Amino acid sequence: MKIPKRKTEKKKSDPSQKKPEKLIDKDDMRLDGRKLDELRPVKIEVGVLANADGSAYIEQGKNKILAAVYGPKEVHPRHLALPDRAVLRCRYHMAPFSVDERKSPAPSRREVELSKVIREALEPSIFVEYYPRTSIDIFIEVLQADGGTRCAGITTASLALADAGIPMRDLVAACAAGKADGHLVLDLMDVEDKAGEADVPLAVMPNLNAVTLLQMDGSLTIEEFEKAINLALDGCKQLYTLQKEALKSKYVAVKEDVEE
Amino acid sequence: MTPPPIVVRVKQKRIGELVSSGKRLDGRGLTDYREIQLEVGIIERAEGSARVRLGKTEVMTGIKIETGQPFPDVPNEGVLTVNAELVPLASPTFEPGPPDENAVELARIVDRGIRESKAIELEKLCVEPGKKVFIVFVDVYVLNHDGNLIDASAMAALAALLNTKMFNYELEGGELKIKPGYTPLPIRNHPITVTFAKINDKLILDPWLEEEQIMDARLTMTLDKDGKICAIQKGGYGYFTTQQILEAAKIAREKTEELRKVVVKG
């Protein structure tokens, strides 16, 4: 039986969500009180899910994102297996309640694209050739979105991979830079992304100076673009430190547990 | 998509060695494009159309224009929709069915170039604010895959948009009445997309199929007519150093100028 499609009443948008007149005030302060080159408050936890081989959770501003890794394990369906390396699979998905207006749980074109670029951002960090004929599955669930979810997702998923004990060349840290109200800013939140002039998400393996994800939309001169990249790299370095701390603190907790 | 045929090792090695010494298997320089052939207005039933041949890569783009509802957040603007089909006749690796991630990515890269450069004057495509606007459907149809579908598709899309004619109309009691004659689709910017492949730590432009199969990573940049970057996409399993990215941006600025002259005639 086909369920008739019911037209849902669109929620009247909250006036505070409307495009603000100014994203940056005269003292170079942003709407949430941040400086131009300041990250949002970040909280990272590693090993948060019992069933997954590796998992991690991040809160970056209002972003709340969970990542889980299963594998290396047998590939299903089997014909997808590769003879010389592991198959990396990735699903980036947003919960229906993660945004103001309910998002259909079916994968959107945006999610299909992001799943692909996130996979390609993480794959260079993994020694996939160590695990032929297996698959490593990465699941990223955005529970609440506030701009920059692909970057926060990568930062988290990289930790989940490390937590799963998969050999890696380096952690991947990701952060966006962009332009809002004519200023270059770090770690754009939702309003800055939507009302700003440009968004440059970037992921990097900081120890190897290897940029594994780079996207951009908006409008930047080449000189601005160069500055934006350097700003984003700076943000990634800060996140990298936080990633390592989070990873260590899990094992400190385990050690204390054992010694008790 | 079925996995592409494996490039024979000796050939892989040869392509890599050549690139290292600044040459390519088909005799091109590292930043040379293959021969570009462009035809426009080839599909009479479409409001606009173009076919681009980039060497053996062949992409057709058709533009259809319909009326529909605007997005609630921009009630005064027309709507742009880009879709890409990797048609099974174009390659043994393409399979029938709904667009896979490669097709979705291709469509979204082409979309981003047109959208972010504000190429179409969408605010001129409003019939009745909040109620009725024109929807521009850009359908990218890949006919033969021999590498670098992104640049060929972006070129075909721009050429087709520049070739698009809109019917004249009158508004009568909320209904559109078509009047004789056509006006060109209002276009204000000309985004051009260039794609780099990284092979043996060197950047090459316009990779053909075998170069794509052995490349480490891919970097696509779209620049508008003022030389500003409006879209970027990295792809592939490898990485780029920041120096390589900045070098690519500089090459892209020169190359897009050159290609724009080919796509935007007169």
Which of the helices in chain A meet the span-like rule: DSSP H, Cα axial reach of 24 Å or more, Kyte-Doolittle mean at least -1.0?
A:222-259
What whole-number value in cubic angstrom gives the convex hull volume per residue for the C-alpha atoms of the range B:11-263?
131 Å³
Using θ = phi - 60° and the Karplus curve 6.51 cos²θ - 1.76 cosθ + 1.60, what whole-Hz ³J(HN,Hα) does each residue of the range A:54-70 get, with Gly and Pro shown as x?
x, 7, 7, 9, 10, 10, 10, x, 8, 5, 10, 9, 10, 10, 9, 10, 10
Compute the distance in nm between two label points, each set 7 Å from the Cα along the Cα-to-Cβ direction, one at A:Val99 and one at A:Arg78.
4.0 nm
Just check the protein assembly as shown against the gyration tensor rule for me: Cα atoms, a ≥ b ≥ c as the square roots of the eigenvalues, rounded for a/c under 1.5, and otherwise prolate or oblate depending on whether a/b exceeds b/c.
oblate
What does the charge count around A:Leu186 come to, taking other residues whose C-beta lies under 13 Å from its C-beta (Lys +1, Arg +1, Asp -1, Glu -1)?
-2
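Mind checking the dipole of the protein assembly as shown: about its Cα centre, +1 per Lys or Arg Cβ, -1 per Asp or Glu Cβ, Debye to the nearest 20?
Here the protein assembly as shown has a charge dipole of around 940 debye.
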Return the whole-Å distance between the Cα centroid of the range B:105-156 and the Cα centroid of the range A:108-160.
27 Å
What is the order of B:Glu17, A:Glu21, A:Glu111, fewest Cβ neighbours within 10 Å to most?
A:Glu21, B:Glu17, A:Glu111
I'd like the distance between the alpha-carbon centres of the range B:168-209 and the range B:1-65, rounded to an integer number of Å.
19 Å
Can you quote the Å³ per residue value for the convex hull of the Cα atoms in chain A, rounded to an integer?
175 Å³
My understanding is that a pair violates if its Cα-Cα distance is over 21 Å; which of A:Lys62/A:Lys250; A:Lys116/B:Lys64; A:Lys227/B:Lys228; A:Lys227/B:Lys250; A:Lys116/B:Lys250 do that in this structure?
A:Lys62/A:Lys250; A:Lys116/B:Lys64; A:Lys116/B:Lys250
If you take the charge dipole of the protein assembly as shown about its Cα centre, with +1 on Lys and Arg Cβ and -1 on Asp and Glu Cβ, which of B:Pro92, A:Val211, B:Val263 is farthest toward its positive end?
B:Pro92
Quick note, the range A:84-229: a/c under 1.5 would make it rounded; otherwise a/b > b/c is prolate and the rest oblate (a ≥ b ≥ c, C-alpha gyration tensor); here it is oblate
Projecting the Cα atoms of B:Ala160, B:Ile232, A:Ile136 onto the charge dipole of the protein assembly as shown, where Lys and Arg contribute +1 and Asp and Glu -1 at Cβ, the residue farthest towards the positive end is B:Ala160
Report D for the range A:50-119 in µm² per second (integer): Stokes-Einstein, Kirkwood Rh on Cα pairs, 4 °C, 1.567 mPa s.
90 µm²/s
Tell me the mean residue ellipticity at 222 nm calculated for chain B from its helices only (DSSP H runs of n ≥ 4, each -39500 (n - 2.57), averaged over every residue, nearest 500).
-8500 deg cm²/dmol
Please give every one of the aspartates and glutamates within straight-line cross-link reach of A:Lys73, meaning a C-alpha to C-alpha distance under 12 Å, and leave out same-chain neighbours fewer than 8 residues apart.
A:Asp53, A:Asp137
Within a 10 angstrom radius of the beta carbon, how do A:Tyr251, B:Tyr239 rank from fewest other beta carbons to most?
A:Tyr251, B:Tyr239
The long-range amide H neighbours of A:Ala81, using H built 1.01 Å from N in the peptide plane and a cut-off of under 5 Å, are none
Cα-projected label distance for B:Leu176 with A:Tyr130, points at 7 Å along beta-carbon direction, nm
5.9 nm
Could you tell me which of rounded, prolate or oblate describes the range B:1-42, using a ≥ b ≥ c as the square roots of the eigenvalues of the alpha-carbon gyration tensor, with rounded for a/c under 1.5 and, failing that, prolate when a/b is larger than b/c and oblate otherwise?
oblate
Can you divide the C-alpha Rg of the range A:149-260 by 2.2 N^0.38 Å and report the result to two decimal places?
1.23
Given charges at beta-carbon only (K, R positive; D, E negative), |dipole| of chain B in Debye:
700 debye
Just to be sure I understand the model, the point goes 7 Å from the Cα along the line to the Cβ. What's the resulting A:Lys244 to B:Lys265 distance in nm?
5.9 nm
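Any read-out appearing in this document is the output of simple, stated calculations on the displayed coordinates, not a laboratory observation. What you see is a predicted model, and the numbers here were worked out from it, not measured in a lab. Here Cβ is always computed from backbone atoms with ideal geometry, including for glycine, and neighbour counts include all displayed protein chains.
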